[in-house]
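Heads up: the structure comes next, in structure tokens.
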Amino acid sequence: MASDELLLELAEEGICSLRFYTWAEPTVSLGYFQPSSLLANSKELKTLPWVRRATGGEALVHHHELTYALGLPLIIAGQKSTLWQEKMHLVIQKSLLLLGVSLSEINLPEQRNDPSNLLCFHHHAPQDLIINRHKVVGSAQRKKKRGVIQHGGILLAQSIYTPSLPGILELSGIKLCPEKLSSIIVNESRDALGWAFKASVWSPEEEARIQHFMKHRYADAGWNNKR
């Protein structure tokens, strides 16, 4: 999350970035505005490590998941930046189809199936991607004065911590490799968006900025529990 906060800062400096990652251990991320007390009421999730995201939306259990973060300068994202959720979902939809997984947009009004308002994948929005009415791809954003950060999760398989949420493996029978999927998404993004992506690693200065965010926000209990 600290690395993604840097993507938002870089977006405000005029730099577009797309980052993919998986998780070292099952972890909950709360949406920026969610109260941390919601976790205390969940028997399955309250024992897991957790962090507060910079983006809105509801909680995700990052277990068998490919996560992406997209940083966009506002001059590129536009005032209606939520259109980029649809754009990225279309790219992901095409990428998964190349691997034999057929998805569709939910194409229904917003729907909440979780009375606790805790889990993102129980909340269906029109641009979400589904298999057999089960959400498997969702995204959320945060917009600042000059930049936007967009987080998205691709649910590769069901987690033992969220047995009510089947993943792509359970719904399609296809086991996906996160590295292969992310590579295809990059190629499809290049074709769909006209971007010339260049793989890179963090510079020492960027690493220092990430460590600053880690210390003062994402590893700080006071910041995570501020709501």
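Please treat every number below as a calculation from the coordinates, not as lab data. Fair warning: this is a prediction, and the values are worked out from it, not measured in the lab. So basically every Cβ, Gly included, is an ideal-geometry build from the backbone, and we count neighbours across all protein chains shown.
Worth a mention:
- The alpha carbons of the chain occupy a box of 43, 43, 32 Å along the principal axes, longest dimension given first.
- Within a Gaussian network of the chain (alpha carbon springs, distance under 10 Å), most fluctuating of Gly14, Gly153, Gly138: Gly14
- Look at Phe213, Phe33 and count the other Cβ atoms within 10 Å of each Cβ; fewest to most, that gives Phe33, Phe213.
- Antiparallel %, DSSP beta bridges [both residues in the chain], to 5: 90
- Estimated inter-spin distance, Cys177 and Arg19, nm [label 7 Å along Cα→Cβ]: 2.5
- Taking a point 7 Å out from the Cα of Phe197 in the direction of its Cβ, the residues of the range 48-84 whose backbone N falls within less than 17 Å of it are 66-73, 84.
- Trypsin sites (Lys or Arg not before Pro) restricted to DSSP loop in the range 135-174 with at most 15 other C-beta within 10 Å: Lys144, Lys145, Arg146
- The simple Förster model, with R0 at 30 Å and r as the Cβ-Cβ distance, assigns Leu99 and Ile76 a FRET efficiency of 0.60.
- Taken along the Cα-to-beta-carbon direction at a fixed 7 Å, the label points for Lys43 and Lys87 span 4.5 nm.
- The range 148-227 and the range 1-42 have Cα centres separated by 8 Å.
- With 10 Å bins beginning at zero, the pair-distance distribution over Cα atoms of the range 157-216 amounts to 17, 24, 28, 29, 2 %.
- Residues Ser159, Ser104, Ser29 arranged by fewest to most Cβ contacts within 10 Å: Ser104, Ser159, Ser29
- In the range 1-131, the C-alpha radius of gyration followed by the widest Cα-Cα span (Dmax) gives 15.7, 44 angstrom.
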